[in-house]
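J.: The following block contains the structure, expressed as structure tokens.
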Amino acid sequence: MIYTTVSWQRLYIAKDFHYVGNVNSYNNCITQFFAWLFGLSMTVDFGGEEYSVDKRSYIRLINSIGTSATIENVVQYKIFQPNLVGPSQESLSKMRDLIDPQDSRALFRKLAKAIEDGNSTEATAMIYRGAQLDTSYYVREGNLLSFGSVTEDLKQEQAYSFNVLYGPPIVQAANKANDLVVGALRKAGVNSCTGKKYIFRRQILGVRRRHEIQPVWSQVAPGRYGYTLGLSERSTVHVQDEEENKVSYRVNGDNRLEVM
């Protein structure tokens, strides 16, 4: 399979998890129009997705993997064939090491959501397109995924109790017994295979309310506005967060989680 990612304003191409190369691409309607108008571009099908690419840049790409394309016959290669890339041309580089880190991070978030949703096809595509693979995140039972902290987006004034699994994508996929995604992650060369489970609890210890006098902009007379003193109430919620029953896990040879 051929996978593509637009990054650094170029199109990066991989065959499965092997990086093939990149080509100058036109990624918005304005540049696409003028490149077409001046005969600089051509439309190429990469694994079922069409992109507008620079002709000369594309010629350099396909000639680097064994063809003899010229500006006169390059239209013969408007479908990028996976069999153009033989074992001898496959690079040891990974897409995730070459594209913009921000793009790799965005693909990682899509990968995490696909794993959580059980969408193996989408998850595998994100892996091969260059998603970060060794970054850990939080799966919080009954709450949204968190890529920052276990308390991210939680309401300060609310009590909580839920199970947490913290770990990289391969740990999350193994927890769901998703052998297809775990296998793809192993092939892509993941380094981190450990995580931890625990229960997160937040208790409300108390609420402190206080009144404050503050200036308020208001109408003080017909047609006149100014500051008056008003009384407002502020509340401070005191909470206690705890992580209970913490257990560390790793992904074993059967693609399942086992206690470390």
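Laboratory data are not the source of any read-out in this text; all were calculated from the coordinates shown. In this text, all values refer to a predicted model and were calculated from it rather than measured experimentally. Note: ideal-geometry Cβ built from the backbone for every residue, glycine included; neighbour counts use all protein chains shown.
J.: Just how large is the dipole of the chain about the Cα centre, in debye to the nearest 20, putting +1 at every Lys and Arg Cβ and -1 at every Asp and Glu Cβ?
T.: 460
J.: Moving on. Collect residues whose amide H, placed 1.01 Å from N in the peptide plane, falls under 5 Å from the amide H of Tyr19; neighbours closer than 5 in sequence don't count.
T.: Placed amide hydrogens put Ser91, Ser93, Met95 under 5 Å from Tyr19.
J.: Here are several values of percent of Cα pairs over 26 Å apart: (1) 48; (2) 45; (3) 58. Which one was derived from the coordinates shown?
T.: Checking each listed value against the structure points to (3).
J.: List, largest first, the extents of the alpha carbons of the stretch 159-247 along their principal axes, each in whole Å.
T.: So the three principal-axis extents are 75, 33, 19 Å.
J.: Which angle between 0 and 90 degrees, to the nearest 10, do you get for helix 120-129 versus the longest principal axis of the chain when only C-alpha atoms count?
T.: 70
J.: Same structure, new question: When a/c is below 1.5 the answer is rounded, else prolate if a/b is larger than b/c, else oblate, so apply that to the stretch 2-98 with a ≥ b ≥ c taken from the square roots of the Cα gyration tensor eigenvalues.
T.: oblate
J.: Taking the chain as a Gaussian network, Cα atoms linked when under 10 Å apart, which of Arg202, Arg129, Arg109 shows the biggest mean-square fluctuation?
T.: With Cα springs under 10 Å in the chain, the top fluctuation among Arg202, Arg129, Arg109 is at Arg202.
J.: Report the calculated FRET efficiency for Thr151 and Leu92 (r = Cβ-Cβ distance, R0 = 35 Å), to the nearest 0.05.
T.: Working from the Cβ atoms, E equals 0.30.
J.: Would you work out the charge dipole size for the stretch 78-204 about its Cα centre, treating the Cβ of every Lys and Arg as +1 and the Cβ of every Asp and Glu as -1, and quote it to the nearest 20 debye?
T.: Around 140 debye, computed over the stretch 78-204.
J.: Can I ask one more? Once fully extended, how much extra length lies between Val207 and Thr70, figured as 0.36 nm per residue of separation less the alpha-carbon to alpha-carbon distance? Can you show the working numbers first?
T.: Values: separation 137, 0.36 × 137 = 49.32 nm, distance 7.48 nm.
Stretched fully, the Val207-Thr70 segment lengthens by 41.8 nm.
J.: Also, I was wondering about something else. For the chain, which span is the longest to avoid every loop-located (per DSSP) member of chymotrypsin sites (Phe, Trp or Tyr not before Pro) having at most 14 other Cβ atoms inside 10 Å?
T.: 148-260
J.: Using θ = phi - 60° and the Karplus curve 6.51 cos²θ - 1.76 cosθ + 1.60, what whole-Hz ³J(HN,Hα) does each residue of the stretch 152-164 get, with Gly and Pro shown as x?
T.: After applying 6.51 cos²θ - 1.76 cosθ + 1.60, I find 4, 6, 7, 6, 5, 8, 10, 7, 9, 7, 8, 7, 10 Hz.
J.: Looking at the square roots a ≥ b ≥ c of the eigenvalues of the Cα gyration tensor of the stretch 75-186, which shape do they give, rounded for a/c under 1.5, prolate if a/b is larger than b/c, or oblate?
T.: Cα axes put the stretch 75-186 in the prolate bin.
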